[in-house]
Every structure is written in C-alpha cells, then in structure tokens.
C-alpha cells in the first residue's frame, strides 16, 4: 500500500477550485456516480464518463484507500427530455420493442455490462437500481413533505424550490441564480399542478399509459428521476459521503436537485467533492443524427462508418481517452485514435522489451524521480495525459537501454517493471492485446525459418533436404507456393 | 421458424407424468426459474441446473416460440439452512467479509454472470431481485392475511398451512402428506410464535442483527424467502404461467410454498408445468467438504484438484452435462469428462470437415430422417443425450463421405450444414474452441518437425544441418533441451 493520499487534489465543482482531498473516514472513500438509464445502447460518451470514474476508483485503491463505489442503474422514472411529464424512457422503448419494461431494462443492462467489460472498466462495489429502492424513495418523499419542502398535487408530489431556497441555496452547485431560472421558465401544459415552474416532481402520479407503477400514500405512481440518486447514495454511503460524480450534463438540474432533496429531507450536504466529466465530440462537432457524425461503439470497433478509416480495439480507444483530462472536451476522430493506437502499441512493446533487457552492474539511468512524477500527475486531479507523457519518457529510457546506450542494474530494472505494471495495468487499466498475436507470430516465424532452410538447401543443390522439408510440411497439410516474390505458405 | 411445438412433451412434476406441452398463449411461453442466492461462489451443481433450463429456453425459441424467461436473484430473506429463523445468508457473509450486504450481493452476482457467460448460458429476459420487489411482497402478504391464510405474530407474518390445507391441497407438488409433515416436525426454539410448526414465514421481524430491513405494516422486517418467487413470477408472467423450474431440492418446501402463496393470495395455480433438474455427484458421492470431493468451477478448469487428472474447457463440461438427461443424477469424474471431451472434439472436427467435403451428383447418404430424429429427441422432454447420439451417427456419415465411401450432393450438404449448426450451436449452445487450439497445435507440429529433422541430420552425421537448426531456433529465442526422453523446446 502506497500512501500518496495526503497530496491528492480534486477539482470540486462545488467550490470551483482544486482542493486537497480529505476523506471523511481515514483510509475509506465513499463514491457515488450516476449510472446509465437503460433504455438504449450505451454510447461512447457514456464510456468516457464511466472510464473517467474508473480511473478515480483505481487510483484511490492504488493509493491505499478502501473504496465503496456505488453506481446506479436507472430503470424507472426517467422521462423523455428529462422532463417532469410525458413518457418514461424505458416504458416508451418497451412499447416500441413490444416487451415488458423490465425486459428492456435487462436487455440494455446486459449490453451496458458487456461494454464496460470490453473497455476493462471495473464494476462498482454496488450497482443499485431505482426499482430496488421504492420504499426508501417513498419514505424520503414523506420526509421532505414533513419538512415543508414538498407538496402533493393530483397524486404527484413536487419539490418546492422557492420554499427551499428561502432556507438553503438552490443553485449552489451549478452556479445558476434562482431569479434567472424563474424568468427563463414558463408554465408548460400538464405541469400546471405545480405551484412554481421551477418545482420538480419527486413522485409522479401514473397515468394509464404508465406500466411501471407502485402503490404509494399518494396513489399509484412512480418516483421522480432525481430522487433515486439521493436515496441510494445516502443509503449505501451515509448522509454525507466523499465524492459524487457524473457527466457534466447532470450538473443541472439533476445534481442540484440531489443536494436540495438531501437537505430538504433533513440530511446534510450529500457530497464533499462533486466531480464532472466533460463532453465528447466527433470531428469537432457534438454527435448528432442530423450532422451524421454519430458513431456507435460497434462501429468504432469495426471501422464500419464513413468517418472512420479503420476499426480500433477497445484498449486503443481507452488509451486515446486517457490522453485527455476528464475535465476537457474530447474530440474523437479516426486520425486521433489511430495516433493514440500507435502510441499504445509503442508503450506495450516497450513493456515487453523489459523482459529481455540486459542488466549491468551499474545504472546509467535515473528512475528514482519517475515514481514521484507518476504520483504527482495522478495526484493533480487524476491527470492521466501527464502521466502518459511521463510513461513515454520511460519508453525512451527502455529503448536506450536496449540499444545499449544506457545501462540498468537488475534491481533497478525490477523496480521499474513493478512501477510500470502498477501504473499501466492497475491504475490506467490498460490490457495487453498481444498474447494471441504472439502465438500467431511464432507460427509465422517458424514457417519463415522452414522456407529459409529450404531455399538454402536448394541454393546448395541439396535437393534431398529441400524436398524433405516440403514433404514434411505437406504431412501437416501445409502447402508451399513458390513465386517470383518468394515462397508463401497455406494451411488447409 | 420451425413449428415442432405440437409434439413437445415435458415431464411435469405436478402430475408425475410426461405431458404434451400446450402453452397458455399460442406461440408464447412464460418460464420462471429459481435463480441463485448470491452469498457465495456459484458451484457446478448450479451450473447444471441453469444449463438445463438454458436448453429448455433455447429449444423453445428454436421451435418458434417467443419466450419470456424470468430467473431471479435472491438478495435477501434466504436464511441459513433455509430456516425461518436465524441469520440471513447474505447478511452473514457481509459480516465475514466486513462489507455492506449489497456489496456482497454485487460481488457474487458479477461472479455468477461471469460463470454463466463462460458456459454460454443465455441470460434470461428478466433477472429480478427480491429487494427490487418489496412493495409487491408486502402487498401479497396483506392479501394472504386478508384471505385468512396468514397471521401476524410478534412483527412477523406466518402462512397458516393447516388453514390453507382445509381448502386447498398442501403437498400436491411434492407428494408429501400433511399428516406426515406434522408428525415429523417439532417445535423449535425461536419459532414458538408459530401456531403450527409447519407454518412458514412470509414476513420476518428483523432483530437487531439484521442489516437488511424495511418498514412494513408489521414493523421493520424483511420478506420470507419463498415469497419473492411468487411475487416476481406472477408480476412478470401473469397469475398462471407455463413453466416453473428449479433444482429438485427446491421442490419441497420452496415450490410447494409458492403454490400455497399464489392460491392463498387469491390467485390461481401458478404454473402449468413444473420441471425439476436432478443432482450432481462427484466420483459417486454427494459433494461434501467432509468427503473431500468438492470441486470448484475454477478447479474444473485448471485441473488443480486431487480428483482431477487435468483441466477441462467449459464447453467440454457443457457437452459432458448434456450427455445426461436433466432429470437423471449426473456423476462427475475426471475420466467421464475426459471421455466427453474427446466426443466433443470429434463432433467439432466433423463440423469443420463439412467445409471441405467433396460433393457429387448423387447422394448415397440419406439424411431426410435426421432432422425428424433430432426433433423427436428434443420433443421427448428435451432429451439431449439422445440428440447427441444422433449427432454422432451424423459424424459417422460425414467421415464416410470424407473417406469417399459415401457421396453427397451440394444441396444435401447445405441442408446438413444448416441442420447441424442449428442443433449444435443454437439448441445445444456449444461453441467451437478450435481456433486458438489449432494455432497452438500448429506451433507444436512445426516444432516437432524441426526436432525430427535435427535428429535425422544428427543420425546421418550431418552436424552442420543439426547445428543450423538449433542456431536458427535460438534466433527465435527457442531453446532445445536434449534428454534421454527426446528433445523438448521452450520459448523465452
């Protein structure tokens, strides 16, 4: 266990500053990240968000913390356009697919898990679902009503934002001003039961079109989308926990509402550090159907898209994403990923080279500072691009040792190996994609050797040996094909 | 879509007979299978159960049905020894692991999914959890109380078996007689609040040691283990559905109680067909720690166990299991799986041979009856061992064609390919494991060839060639090691 924790700094959206990270309990971290609404295939933007928090999770563990990481599955209550009325996203998809909503949930949850696994994103410690916490949600609605910050209207319950703002600060996370918010909203049809257009539903009366519905003190209905995260984060991490994360599109209103719900229900400030990941664009523009630049995860893998020159492995994409800081916009493009892929291969090749490096009695290279540089990069708000640039400096050193321009002792080499393995595989979560390739390579090399021996035999007029090689290969169903370019081989 | 459905017969535990399968809705099947309690690693016996129902699911789909397959996750309420009092299995494990119970649930659920995937067991359409259906469970308890078949005592609610038996038949599924059950039970400490020792808890008051607890009309508690299956099966499949399955250890009391709960809550008979898979033994005895014959799934894969001669691929184990009928006891042994592995490889080799078979203008082989035989086997209560014996008959035919003892036309060959692919890959869910193996094999074969050539060169006193081979291999980092037993090779 390496205790680097005292120096970790995190950019906290709540304060707008990079702050030293001090956990509530020594050695323990509670982290909540808003997970997917499982009504469609996960997209590459989601991957970036969950990858970013995978790095946070991995680095905290690497730094010696025990982390309880909760990432939810939204399986009810998320209405179209994130609104307070209209169809449930999952219910709508269920109608389209002619399935029970929970079949839709299962289908896309499985797909989500497959994608997470393919990108080597660690599963969270707990992955709770909204439908798994209805009693707790109903109880929280009751608490908020009891405290005077919510009211029932027509079988729904709304959070009273103005009333809340009298006592607390609505807008403290997103920096929005309630006066501006009020003047920018207008009363919408179907929301007229709200006292104020800013109010948001924490429990919705289910009209006939809603299949997913439960009995409650206010009749049959379902929980408001914002509510589940407050309930599940505090149930598993306590009223106040360390880190709350999500995509930056969730900052307002979702996360702002979470803070309001926590305080409105009589709890405290939910999270000490709020982290938000930035957006992903494609060829410089927001991915949008009308622009035609929406690229699916499958297409990124296959290269089967007009904007892609080739397909990329999930590890190349992971590496590409880690070459930007999570808080920067990241622009996807075929060229940029291809460049990262080369870098990734270079790094992997250097790591393999480590095993065959010759050691000396003295080290001309200095790697004492390397570990500190790695830590400093990650301690600076999980700065993976800086970490990777340091990794490439080490690649240069490795290549110099291989070229015998530099020397390394056995013990320094061992130290270097451990350090690289720990940062490349554990912290950055990269995986070598070499293994099966090397098997293929060996076969290729052996065949090249046979072909070379046969040519030499022929050149020496040793036709007996040349024929023997051909016949022996034939017995393995391997055919040699001679041509002007040389000899090719084929196995039936 | 192939409509073989009219002829499918299923052994129904409820009637003790093989019956023609008639679904409630034409073309649609609803199936519920009791899933795992996620407090420990899934064991190989579980794999057999879920594999058996995977075959049912696959064959029903193959037969043209739309199947809604529900398999639950038990994440609360299952007490040690399946009793009505004592510790929750998950709660106990949580204390041992020093984790939040839902972390334990997540950890073992992930492990369960990984194992299912490794054995190519299809995920169900819906995988609901007990904690995800608390409101529904509380409501069902209320219904049962209202109907007079349950009573509250000390914050718990018990199902009144005698009262129920006055009107319905308790024991109809398991064939147990209530008089015998009563005379065989005795009042246990801590269960004294039951009116009758046969009564079972449908809601349990949570004592202080229980972490997993929810508010209910009877105070804080948690649902009884039997209840969740009744609630979730009927929620997603309707009051009466087609097939209910599980391991035969669940027949009594779990499934018997499910029937009682359904009827006691005012619903009808829950399932038309009850299917039970049989047990698995190891070297002739029930797996037990005291016997020392407990073999884990990991050990089966690695061969790292005193009772195993080698490790087996998941597909070899799948094939082995399918060579017995689900309703028979299955005895695992290293020898038996090794025999199945050979059969599996033979089958896979034959399937590969199909691509290189020469076709003729006439067919001497008759495969018209083959499809009917396949269907008949599977329609006879999913008789996979019979189906596999027919597959081996086809393997013989393929080998005869390859040996040019029989002929086949192109169109018959195509038909045969489609039929085999459909039964081997879709219905039996086998996967070819050849690709990487054949690569390894080729390397082995090439190396054997080099070693043979070197030996011949030495025998012929052609030391130049012998040395050349060794040196060339050294350039590939391959070391040859001569010994009395011959020459071995190793790559760095």
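The values are calculated or read from the model by the stated rules, or taken from the named source; none is laboratory data. Bear in mind that the values here come from a model prediction, so they are computed numbers and not experimental data. Here Cβ is always computed from backbone atoms with ideal geometry, including for glycine, and neighbour counts include all displayed protein chains.
Just a few scattered comments:
- Those helices (runs of 4 or more DSSP H) of segment A:195-305 in which at least 2 residues are touching a strand residue (DSSP E or B) at 6+ places or on another chain (Cβ under 7 Å) and within 16 Å of residue A:164 (Cβ to Cβ), considering only elements entirely within it, cover A:225-237, A:256-264.
- Pairs where the first residue, in segment B:355-376, is touching a residue at least 60 places away in the same chain (Cβ under 8 Å) and the second is surrounded by 12 or more Cβ atoms within 10 Å (Cβ to Cβ), C-beta under 6 Å, 6+ apart: B:375/B:4
- Residues of segment B:188-203 that are surrounded by 20 or more Cβ atoms within 10 Å (Cβ to Cβ) and either at pLDDT 95 or above or touching a helix residue (DSSP H, G or I) at 6+ places or on another chain (Cβ under 9 Å) (or both): B:198, B:199, B:200, B:201, B:202, B:203.
- Any hit, segment A:441-454, residues being more than 16 Å from residue A:487 (Cα to Cα), modelled with pLDDT under 80 and more than 7 Å from every other protein chain (Cβ to nearest Cβ): yes
- Of the helices (runs of 4 or more DSSP H) contained entirely in segment A:75-179, those carrying at least 1 residues that are in contact (Cβ under 8 Å) with a residue 40 or more places away in the chain, within 14 Å of chain B (Cβ to nearest Cβ) and more than 24 Å from residue B:212 (Cα to Cα) fall at A:89-97, A:101-118.
- Per-region count, segment A:62-74, residues at the interface with chain B (Cβ under 10 Å from one of its Cβ atoms) and on the phi > 0 side of the Ramachandran plot: 0
- Being assigned by TED's automatic domain parsing to the domain that holds residue B:482 and surrounded by fewer than 20 Cβ atoms within 10 Å (Cβ to Cβ) is a description that does not apply to residue B:409.
- For residue B:362, the conditions (1) within 30 Å of residue B:242 (Cα to Cα); (2) surrounded by fewer than 20 Cβ atoms within 10 Å (Cβ to Cβ) are fulfilled apart from (1).
- Across segment B:414-427, a minimum of one residue is classified as over 30 Å from residue B:327 (Cβ atoms), surrounded by 15 or more Cβ atoms within 10 Å (Cβ to Cβ) and either in contact (Cβ under 8 Å) with a residue 40 or more places away in the chain or within 11 Å of another protein chain (Cβ to nearest Cβ) (or both).
- Residue count, segment A:461-489 (criterion: exposed (fewer than 13 other Cβ atoms within 10 Å of the Cβ), within 12 Å of chain B (Cβ to nearest Cβ) and either at pLDDT 80 or above or within 47 Å of the chain's Cα centre (by Cα) (or both)): 4
- Within segment B:325-342, the residues that satisfy the criterion of being surrounded by 18 or more Cβ atoms within 10 Å (Cβ to Cβ) and in contact with a helix residue (DSSP H, G or I) (Cβ under 8 Å, 6 or more places away or on another chain) are B:325, B:326, B:330, B:332, B:337, B:340, B:341.
- Residue B:378 being over 30 Å from residue B:17 (Cβ atoms) and crowded, with 18+ Cβ neighbours inside 10 Å: no
- Test set (1) in contact with a helix residue (DSSP H, G or I) (Cβ under 7 Å, 6 or more places away or on another chain); (2) under 17 Å from residue B:431 (Cβ atoms) - residue B:383 fails condition number: (2)
- Qualifying residue in segment B:399-409 (condition: within 21 Å of the chain's Cα centre (by Cα) and modelled with pLDDT of 95 or more): no
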